[in-house]
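Novice: Supplied in structure tokens, the structure appears directly below.
The values are calculated or read from the model by the stated rules, or taken from the named source; none is laboratory data. Worth saying up front: this structure is predicted, and the values here are computed from it rather than measured. Positions of Cβ are generated from backbone atoms using ideal geometry, with glycine treated the same way; all protein chains shown enter the neighbour counts. What goes into the accessible areas is simple: the full protein's heavy atoms, side chains included, and nothing from ligands, DNA or RNA. Shrake-Rupley method; radii C 1.70, N 1.55, O 1.52, S 1.80 Å.
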Amino acid sequence: MATLQGILADKQIKSDAESLAVWGKDWTNGFPVAPSAVVFPESNQQVQALVEYALAERVGLVPSGGRTGLSGGAVAGNGEVVVSFDRMNRILDFNPQDRLVTCQAGVITQSLQEYAAEQGLYYPVDFASAGSSQIGGNVATNAGGIKVIRYGLTRDWVAGLRVVTGSGELLDCNAGLVKNATGYDMRHLFVGSEGTLGLICEVDVRLAAQPAPQMVMVLGVPQVVDLLNVLAGFNQRLTLSAFEFFSDLALAKVRAHRELPAPFATPVAYYALLEFDEGSLDAAGEAFEYCVEKGWVVDGVVSQSQAQAAALWQLREGISESIAPFTPYKNDLSVTIQQVPEFLADVDQFVQDSYPDFEVCWYGHIGDGNLHLNILRPQHLSVEEFMAKGHAMSPKIFALVQARRGSISAEHGVGLLKRDFLNYSRSEAEIRLMKGLKELFDPAQILNPGKLLKA
Ligand code: S2G
Ligand code: ZN
């Protein structure tokens, strides 16, 4: 019989109750947590040996990075072995000519951002959990965040991967090449696969040139439909690095939680947060005047320093943490940009009609069509009662998404939370083909079993 002790040192294996509870979950609530062990490999070869062990013992493996996931993608609820990449956290190489940095999967996103800056370059994927998330998990979920409208998603910066498949093979995908026309690009199969096709061990990350110093503007937008008019008004005049939005309720929660001042005095239903190069300040001023003349914007503020830019960003990036005490029922939806206003109004109306006592907290990356719908738990409902109502609500919201050919999970992944609703965004044919790929890359179904696809 194979044993974990035969593969790893004792310090690399944990099975005490506290460790199982900590490493057996992510930021998602409501799913059972019951791994059989947590292991901390230190090399690609040890990851391969763990797959051999799992095949021999017929036990599932759940890959675990920063454990910041929001769809239950890193939850181990059925005796699986959690494979944590915490000890595979080194930057292995940097190549200035190719602007390539090779990271082990456990490198913290913020550490990569800082390393890039030290080399005079820039890693442009950023989001609130960057201080905890790991690059391997970012690749496994194709993490998006707040700079997507200018720099794209994680996928756009992955130049190569070393991945161990469910058969124990170590694949070296693309090796950092810019051009490589030699058949199917396996790299892009693993990006967004949520650990179900392979265990990501190393990532070749391409870096960008450092941007100019950025400025932040927060605008008051009374009508949700005008958010997209404001986006168009600014896009016509300058290049935006970010275009985020949040509702007055979201702002109220962040201000209360972090004791922050309002961006300006005028009360308004929606806020847009924009970021741009400081050299575009005049163009931004013209866009602002144009939007005010059109009646789309009623007030605004622009950062006068990097400190104030960071303070304004807190109003957006602090939302998730500030509403967490209300155990929100989360949805992470996307439609094409031009559909956003009508879609948002449709969902808002549905929730108000069906659940008038629910507070709806809207925020997100509206510049790329991604809306975070967080419904706050009323005090009179228990978490279980509220989650049950949320699950009952989801199919109706997903039907509104489906009608617009949108996504029921824009950036947080499918995991366990959205698995049973995949058909609202993917066709039967696509789901069948995804299951075929799963059988090809993980024939024994040991990799993150039950996630993303129903067995
Ligand atoms: C955001 C963070 C997670 C959430 O703030 O953009 O992706 O939905 C989210 O609270
Ligand atoms: Zn987001």
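Novice: Counting each DSSP H run of 4 or more residues in the chain as -39500 (n - 2.57), what helix-only mean residue ellipticity at 222 nm follows after dividing by all residues, to the nearest 500 deg cm²/dmol? Walk me through the numbers on the way to the answer.
Specialist: Values: 14 runs with 149 residues, N = 455.
Helix contribution divided over all residues of the chain: -10000 deg cm²/dmol.
Novice: Pick out, from SER320, ASN331, VAL347, the residue whose Cα sits farthest towards the positive end of the charge dipole of segment 293-358, with +1 on the Cβ of Lys and Arg and -1 on the Cβ of Asp and Glu.
Specialist: SER320
Novice: Could you let me know the centre-to-centre spacing of segment 220-286 and segment 47-75, using Cα atoms, in angstrom?
Specialist: If you average the Cα positions of each part, the centres end up 41 Å apart.
Novice: What percentages make up the Cα-Cα pair-distance distribution of segment 256-373 when the bins are 5 Å wide from 0?
Specialist: In order of increasing distance, the bins hold 2, 8, 16, 20, 22, 18, 10, 4, 1, 0 percent.
Novice: Turning to a different aspect of this structure: Kirkwood Rh and Cα-based Rg: tell me the resulting Rg over Rh for segment 1-91, rounded to two decimals.
Specialist: 0.95
Novice: Check which residues have an amide H placed less than 5 Å from ALA34's amide H, if you skip close sequence neighbours.
Specialist: The list, which skips near neighbours in sequence, is ALA76, GLY77, ASN78, GLY79.
Novice: Calculate what fraction, in whole %, of the accessible area of the chain sits on carbon and sulfur atoms when a 1.4 Å probe is rolled over the protein chains.
Specialist: 52 percent
Novice: To the nearest Å, what is the center-to-center distance of segment 9-40 and segment 292-324, using C-alpha atoms only?
Specialist: What the calculation gives is 38 Å, centre to centre.
Novice: In addition: About its Cα centre, what dipole magnitude does segment 99-241 give when the only charges are +1 on Lys and Arg Cβ and -1 on Asp and Glu Cβ, stated in debye to the nearest 20?
Specialist: It works out to roughly 360 debye.
Novice: Give me the log10 of I(q) over I(0) for segment 308-354 at q = 0.28, 0.31 Å⁻¹, as the Debye formula computes it from C-alpha points; what are the numbers?
Specialist: The Debye formula, applied to the Cα set alone, gives -0.98, -1.00.
Novice: Here is a follow-up. For the ranges 186-193, 215-222, what's the packing order if you count other beta-carbon atoms within 10 Å of each residue, average per peptide, and put the highest first? All intermediate terms of the calculation are to be shown ahead of the outcome.
Specialist: Values: 186-193: 20.6, 215-222: 22.8.
Ranked from most to least packed, the peptides come out as 215-222, 186-193.
Novice: So for LYS451, LYS14, LYS179, LYS253, what's the accessible-area order with a 1.4 Å probe, most first?
Specialist: LYS179, LYS14, LYS253, LYS451
Novice: For the residue pair SER43 and SER15, what label-to-label distance in nm results when each label sits 7 Å from Cα along the Cα-to-beta-carbon direction?
Specialist: Reported label-point gap for SER43 and SER15 is 2.4 nm.
Novice: Also, I was wondering about something else. Highest mean first, what order results for 327-334, 32-39 on Cβ atoms within 10 Å?
Specialist: Ranked by mean Cβ neighbours within 10 Å, highest first: 327-334, 32-39.
Novice: Give, rounded to the nearest 20 debye, the magnitude of the charge dipole that segment 191-313 has about its Cα centre when Lys and Arg contribute +1 at Cβ and Asp and Glu contribute -1 at Cβ.
Specialist: 260 debye
Novice: Report, in listed order, any pair from LYS25/LYS418; LYS330/LYS451; LYS147/LYS389; LYS147/LYS396; LYS418/LYS454 with a Cα-Cα distance greater than 22 Å.
Specialist: LYS147/LYS389; LYS147/LYS396
Novice: In addition: Could you calculate the contour length gain from GLU114 to HIS257, that is, 0.36 nm times the residue separation minus the distance between their Cα atoms, to one decimal place in nm?
Specialist: Values: separation 143, 0.36 × 143 = 51.48 nm, distance 2.79 nm.
48.7 nm is the gain from fully extending GLU114 to HIS257.
Novice: Quick one: compute the contact order of the chain, relative version, from alpha carbon pairs under 8 angstrom and 6+ residues apart, as a percent.
Specialist: Computed value for the chain: 16 percent relative contact order.
Novice: In the chain, which longest range has no GluC sites (Glu not before Pro) that are both DSSP loop (not H, G, I, E or B) and surrounded by at most 13 other Cβ atoms within 10 Å? Before the final figure, lay out the partial values.
Specialist: Numbers: sites that count: GLU169, GLU259.
Counting at most 13 other Cβ atoms within 10 Å as exposed, the longest clean stretch of the chain is 260-455.
Novice: Report the one residue of GLY364, ALA399, VAL383 whose Cα lies farthest in the direction of the positive end of the charge dipole of segment 357-407 (charges on C-beta: Lys and Arg +1, Asp and Glu -1; origin at the Cα centre).
Specialist: My answer, from the dipole projection, is ALA399.
Novice: At a Förster distance of 30 Å, what's the computed FRET efficiency of GLN210 paired with THR336, Cβ-Cβ distance as r, to 0.05?
Specialist: 0.45
Novice: Taking N as the number of residues in the chain, what is its alpha-carbon radius of gyration divided by 2.2 N^0.38 Å?
Specialist: The value comes to 0.99.
Novice: Right, here's the next one. Return the FRET efficiency for the residue pair ALA181, ASP98: r is the Cβ-Cβ distance, R0 is 22 Å, and the value is rounded to the nearest 0.05.
Specialist: Efficiency for this residue pair is about 0.75.
Novice: Please list, in order along segment 364-376, the HN-Hα scalar couplings obtained from phi with the Karplus expression 6.51 cos²θ - 1.76 cosθ + 1.60 (θ = phi - 60°), rounded to whole Hz, x for Gly and Pro.
Specialist: Residue by residue, segment 364-376 yields x, 9, 5, x, 10, x, 9, 10, 9, 9, 10, 9, 8 Hz.
Novice: What's the magnitude of the charge dipole for segment 248-327 around its Cα centre, counting Lys and Arg as +1 and Asp and Glu as -1 at the beta-carbon? Answer in Debye, nearest 20.
Specialist: The dipole magnitude comes to about 460 debye.
Novice: Give the Rg (one decimal place) followed by the Dmax (whole number) of segment 359-455, computed from C-alpha coordinates and expressed in Å.
Specialist: Cα radius of gyration and Dmax of segment 359-455 are 15.7, 48 Å respectively.
Novice: Follow-up question, since we're still on this one. Between segment 142-166 and segment 346-413, what's the alpha-carbon centroid distance in Å?
Specialist: Each part's Cα centre sits 26 Å from the other's.
Novice: Among VAL301, GLN97, PRO263, whose Cα lies farthest out toward the positive end of the dipole of the chain, if unit charges sit on the beta carbon of Lys, Arg (+1) and Asp, Glu (-1)?
Specialist: Final value for the positive-end residue is GLN97.
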